[in-house]
């Protein structure tokens, strides 16, 4: 395998496309090495244990996810088997308590792991992070019976979870949701619909935010609805620009009877639970972006700028491109630092955690999308071909500026926090 | 029951582009990514598998080198070894360390730990010596099953299928024995998150070669390290006679 390394410079550009799996794996690993060691070193400032996690996650991503990334995207496959393999390594409930089957790690540990996993496939890693978020919500806000009932199977990914907050009529204005839950005896009757639910239709456990009380956030409760509950049905599978390895469907509730014992926390606590879940996931959502950006960055450097020649020289000799690369690298390091800071603030339950997470999400998703987009530009025509991974990353990352709180909402949160502190 | 010693070597990661130091005394190792030798990973995996099948009771991971090798021992612990031994060797001794010194250390440890098996990788990807396993067996006067692609324990004997030039050779050797792992012996597992965490609590004992009565003096001196010569462009000729003439002219024939 070693001799293939020198091979790169001898191949005419078009044959780069038809490289075998082993060469691609090898080069992914070569890139991983540079990513880990370079100026943009993802491994700086991590404890030995975190470096182990990162290494393991990188290896898993390179061997189990990366080779299938394009196929999962094209055929819209929900990679259940691969995710279950990941769960065997502890990725099903990374920050869930060990006594219910989780790995009990910190937010920072988790972000390091997701960072590395997303080099294998953004879309799948994003779903794994949503699954983890739901698992955590039950672990943190559920009572003993609920935790013991749901968490172990979520940790092993024998069952998968979905997070249902958004509705056709309420996206950014999540607190205005209309799905009702009327109490009748020992059951809630749920009526309404949820939109854009990741995993919807293929998952087993649905965490649904619904209205048990009056208007606004205080009237919202959080209920766990299990698959095959009568009254639970799904819309058609949405056709998306990216994130194709996870199905997205509307979740429809028509006189759906859910036992009161499936309610997480108190009535009226639902919105708070939902937001806590999302806040926790913010760093991960952005982390995924960040690492995609880094991956693309290096992909451009390795495969393209150093190899492609125009006007008699390698592209890497072009000053404009050098400057562009420098700007991209600077934004990447800034992104990583902001993300890590937000993750630490979250872990330490600092008062600025929410603002920091919002800032991180805003900055990282915007910047990393731009970086990936610029990387695509640098690849020229080849960047537009589906043979190259760049375009998949651009498509997969684009949604991160929208979901889990649009970047506009992030600005609202940050502004509110700034203005309330002053005066 | 029995105890197995597994050797793990910290080497430059296989995916790294190797560069020779300007003074030609060796390759650049500072700031370069290192990881466990792939054949050592296979050795660890085999040992852990034997433990899971209950043929052996304890797996001890051993590495020789400066403080950084504890990372490699931790990886072995995360894969399922029970404890580790770090034999401290640093500076000039480390640079001059070769299979002879390592095999002396392993022979001494195998006796001290009363191991029934020593499992090593067949070779390290940095020096490609393929000597340590064989030398260790010789020093201990134990049978050896090298280039193992399949290992089966049967009471006090081990059946080893070896990959040799002619194909596959099956031998039966009695324990205690030394085995070296070849590529197709198994596929190393990923360390799981819980195991990585548990590994933190596992013990790594420290010792020096002198504690084992081993002298680290090397009988080999590295004179110079060079990059492989850059490939020159070829020359096209029209006829076979031209070819022969050119080959004669440049002294090849």
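The residue list B:178, B:214, B:244, B:225 contains one member that is more than 21 Å from residue B:50 (Cβ to Cβ) and in contact with a helix residue (DSSP H, G or I) (Cβ under 6 Å, 6 or more places away or on another chain), which is B:214.
Please work out if residue B:210 is surrounded by fewer than 16 Cβ atoms within 10 Å (Cβ to Cβ), at pLDDT 95 or above and outside any strand (DSSP E or B). It would help to see each step written out before you state the result.
Working: surrounded by fewer than 16 Cβ atoms within 10 Å (Cβ to Cβ): yes; at pLDDT 95 or above: no; outside any strand (DSSP E or B): yes.
So residue B:210 fails the test.
Here the range B:52-70 is the region considered, the condition is being away from every other protein chain (no Cβ under 14 Å) and part of a loop (DSSP other than H, G, I, E, B), and the residue that is nearest to residue B:190 (Cα to Cα) is B:53.
Give me a count of the residues in the range B:158-187 that are in contact (Cβ under 8 Å) with a residue 40 or more places away in the chain and under 24 Å from residue B:111 (Cβ atoms). Spell out the reasoning first.
Here is the first cut: in the range B:158-187, the ones in contact (Cβ under 8 Å) with a residue 40 or more places away in the chain are B:158, B:175-183, B:185-187.
Retained after the next criterion (residues that are under 24 Å from residue B:111 (Cβ atoms)): B:158, B:175-181.
Residues flagged as in contact (Cβ under 8 Å) with a residue 40 or more places away in the chain and under 24 Å from residue B:111 (Cβ atoms) within the range B:158-187 amount to 8.
Restricting attention to the range A:109-131, the residues that are part of a helix (DSSP H, G or I) and out of contact with any strand residue (DSSP E or B) (no Cβ under 9 Å at 6 or more places or on another chain) add up to 15.
Take the range A:78-105 and flag every residue that is out of contact with any helix residue (DSSP H, G or I) (no Cβ under 7 Å at 6 or more places or on another chain) and more than 12 Å from residue B:192 (Cα to Cα). A:78, A:80, A:81, A:84, A:98, A:99 - these are the residues of the range A:78-105 that are out of contact with any helix residue (DSSP H, G or I) (no Cβ under 7 Å at 6 or more places or on another chain) and more than 12 Å from residue B:192 (Cα to Cα). Selection of the range B:200-217 for residues being within 14 Å of chain A (Cβ to nearest Cβ) and within 20 Å of residue B:66 (Cα to Cα) yields B:200, B:202, B:204. Summed over the range A:48-77, residues that are in contact with a helix residue (DSSP H, G or I) (Cβ under 9 Å, 6 or more places away or on another chain) and assigned to a loop (DSSP other than H, G, I, E, B) total 1. Flag set for residue B:179, criterion: at pLDDT 90 or above and either closer than 30 Å to residue B:17 by Cβ or surrounded by 11 or more Cβ atoms within 10 Å (Cβ to Cβ) (or both).
Considering only residues in the range B:8-45 that are in contact with a helix residue (DSSP H, G or I) (Cβ under 6 Å, 6 or more places away or on another chain) and in a strand (DSSP E or B), the one that is surrounded by the fewest Cβ atoms within 10 Å (Cβ to Cβ) turns out to be B:10. Of all residues in the range B:112-145, those that are closer than 19 Å to residue B:81 by Cα and out of contact with any strand residue (DSSP E or B) (no Cβ under 7 Å at 6 or more places or on another chain) total 1. Condition first: surrounded by fewer than 17 Cβ atoms within 10 Å (Cβ to Cβ), over 23 Å from the mean Cα position of the chain (by Cα) and at positive phi. Can you find one or more residues in the range A:237-254 that meet it? The answer is no; no qualifying residue exists.
Here's the yes/no breakdown for (1) more than 13 Å from chain A (Cβ to nearest Cβ); (2) free of Cβ contacts under 8 Å to residues at least 60 places away in the same chain:
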position: B:196; (1), (2): no, no
position: B:219; (1), (2): yes, no
position: B:225; (1), (2): yes, no
position: B:230; (1), (2): no, yes
position: B:235; (1), (2): yes, yes
position: B:238; (1), (2): yes, yes
position: B:243; (1), (2): yes, yes
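Residue B:73 falls short on exactly one of the conditions (1) under 20 Å from residue B:187 (Cα atoms); (2) out of contact with any strand residue (DSSP E or B) (no Cβ under 9 Å at 6 or more places or on another chain); (3) not in a loop (DSSP other than H, G, I, E, B), and that condition is (2). Among the residues of the range A:208-233, those identified as in a strand (DSSP E or B) and surrounded by 16 or more Cβ atoms within 10 Å (Cβ to Cβ) are A:208, A:209, A:210, A:211, A:220, A:221, A:222, A:223, A:224, A:225, A:232.
Are any residues in the range A:311-370 in a helix (DSSP H, G or I) and without any contact (Cβ under 8 Å) to a residue 12 or more places away in the chain, and if so, which ones?
Narrowing the range A:311-370 to residues in a helix (DSSP H, G or I): A:315-317, A:319-347, A:353-370.
Those that are in a helix (DSSP H, G or I) and without any contact (Cβ under 8 Å) to a residue 12 or more places away in the chain: A:317, A:319, A:320, A:322, A:323, A:326, A:327, A:330, A:337.
Sort out which residues of the range B:213-243 are touching a strand residue (DSSP E or B) at 6+ places or on another chain (Cβ under 6 Å) and modelled with pLDDT of 90 or more, and write them in order of number.
Just the residues of the range B:213-243 that are touching a strand residue (DSSP E or B) at 6+ places or on another chain (Cβ under 6 Å), to begin with: B:225, B:227.
If the condition is that a residue be touching a strand residue (DSSP E or B) at 6+ places or on another chain (Cβ under 6 Å) and modelled with pLDDT of 90 or more, then B:225 is the only one that fits.
If we scan the range A:78-85, do we find a residue that is more than 26 Å from residue A:262 (Cα to Cα), within 13 Å of chain B (Cβ to nearest Cβ) and modelled with pLDDT of 90 or more? Looking through the range A:78-85, at least one residue is more than 26 Å from residue A:262 (Cα to Cα), within 13 Å of chain B (Cβ to nearest Cβ) and modelled with pLDDT of 90 or more.
Can you work out which of the residues in the range B:179-188 that are out of contact with any strand residue (DSSP E or B) (no Cβ under 6 Å at 6 or more places or on another chain) and closer than 21 Å to residue B:118 by Cβ is nearest to the other protein chains (Cβ to nearest Cβ)?
The first filter runs over the range B:179-188 and keeps only residues out of contact with any strand residue (DSSP E or B) (no Cβ under 6 Å at 6 or more places or on another chain), leaving B:183, B:186-188.
Right, trim to closer than 21 Å to residue B:118 by Cβ and you get B:183, B:186, B:188.
On the way: B:183: 11, B:186: 15, B:188: 10 Å.
The selected residue is B:188.
Residue check: residue B:150 meets all listed conditions (1) free of Cβ contacts under 8 Å to residues at least 40 places away in the same chain; (2) under 18 Å from residue B:40 (Cβ atoms); (3) under 18 Å from the mean Cα position of the chain (by Cα) but one, namely (2).
Sort through A:104, A:92 and tell me the only one that's free of Cβ contacts under 8 Å to residues at least 40 places away in the same chain, within 12 Å of chain B (Cβ to nearest Cβ), more than 17 Å from residue A:395 (Cα to Cα) and part of a loop (DSSP other than H, G, I, E, B).
Numbers: A:92 fails: free of Cβ contacts under 8 Å to residues at least 40 places away in the same chain.
Just one listed residue meets the conditions, A:104.
The values are calculated or read from the model by the stated rules, or taken from the named source; none is laboratory data. Fair warning: this is a prediction, and the values are worked out from it, not measured in the lab. Cβ atoms come from the backbone with ideal geometry, glycine included; neighbour counts cover every protein chain shown.
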